[in-house]
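Notes follow once the structure below has been shown.
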Amino acid sequence: MWKAACAAVAVFGIAVALPAQSIPIELANLREDVRLLAQRTGELALRVEQLERENAELRRQTSGDAQTYATVVQVNEAVAELNRAIRAASAGAKNETLQQVSVQMEKLAKQTNAAIDSLAKGMATRATVQTTFSEDFSKEGISYTVQRGDTLAVIARNTGAKVQDIINANKISDPSRIQVGQTLFIPGGK
C-alpha cells in the first residue's frame with residue numbers, strides 16, 4: 001500500500017509539468033490510481049484473514065492437549081476489529097489521494113487562468129478586423145493563387161494592383177491571414 005501511495009505521489013509530481021491539454025489524461029491516471037489503491041486494500045484484507053487463519057492453526061498445533069477455542073462472539077469481535085482497521089486505512093488512503101488531486105487541480109486551474117489571461121491580452125493588442133468593404137475597385141482583373149511567402153503587399157507589387165483593392169474584391173477581413181493555395185481575384189492585375 002505504501003508503494004502504491006508513493007506511485008500516486010510520483011504521478012502527481014509529474015502532472016505539474018504537463019500542459020493543460022493533458023488534464024483528461026491526468027484525471028484518468030488518478031482514477032486508475034484510486035482503483036488500484038482500492039484493489040490493493042482488498043488484497044491486504046484477504047491477506048490479513050489468511051494470516052489470522054494460519055495463526056489460529058499454529059496456536060492449535062502448539063497447544064497440544066491444552067487446546068483453547070475461540071467463541072463465536074470472540075471471532076465476530078476480531079473480524080469487526082479487522083474490518084474497522086481496513087476501513088480506516090482505506091479512508092486514509094482515499095483522503096490523501098483526494099488531497100493530492102485537489103492540489104494538482106488547483107495548480108492546473110492557475111495555469112489555465114494564466115493561459116486565458118495571456119490569450120485575452122493578445123486579443124486586446126490585435127488589429128481590428130475589417131468588416132465593411134468598398135465596391136470601388138476594377139471589376140476586371142486576374143485570378144492569383146497564393147504561394148508560400150506571399151503577402152498582400154508582395155502580390156499587389158507583382159501584379160500592379162492596389163492592396164486595398166485586393167482586400168475589398170476578396171472581402172479579406174484580416175490581411176495577415178491569407179493561405180497558401182488560396183485563389184484571389186486581383187482587380188486590374190497583370
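The values are calculated or read from the model by the stated rules, or taken from the named source; none is laboratory data. What you see is a predicted model, and the numbers here were worked out from it, not measured in a lab. Heads up, the Cβs are rebuilt from the backbone with ideal geometry, glycines too, and the neighbour counts pull from every protein chain shown.
Please pick out the residue among Val101, Val79 that is in contact with a Leu (Cβ under 6 Å, 6 or more places away or on another chain) and either surrounded by 12 or more Cβ atoms within 10 Å (Cβ to Cβ) or within 30 Å of Pro24 (Cβ to Cβ) (or both).
Testing whether each residue is in contact with a Leu (Cβ under 6 Å, 6 or more places away or on another chain) and either surrounded by 12 or more Cβ atoms within 10 Å (Cβ to Cβ) or within 30 Å of Pro24 (Cβ to Cβ) (or both) leaves just Val101.
Looking at (1) assigned by TED's automatic domain parsing to the domain that holds Ile23; (2) modelled with pLDDT under 90; (3) among the aliphatic types (A, V, I, L, M), which one does Leu108 not meet, given that it meets all the others?
The single condition Leu108 does not satisfy is (2).
Would you check if Gly149 is free of Cβ contacts under 8 Å to residues at least 24 places away in the same chain and part of a loop (DSSP other than H, G, I, E, B)?
When the stated conditions are applied, Gly149 passes them.
Checking Val180 against (1) crowded, with 16+ Cβ neighbours inside 10 Å; (2) touching a Lys or Arg at 6+ places or on another chain (Cβ under 8 Å), only one condition comes out false. Which one?
Going through (1) crowded, with 16+ Cβ neighbours inside 10 Å; (2) touching a Lys or Arg at 6+ places or on another chain (Cβ under 8 Å) one by one, Val180 breaks only (1).
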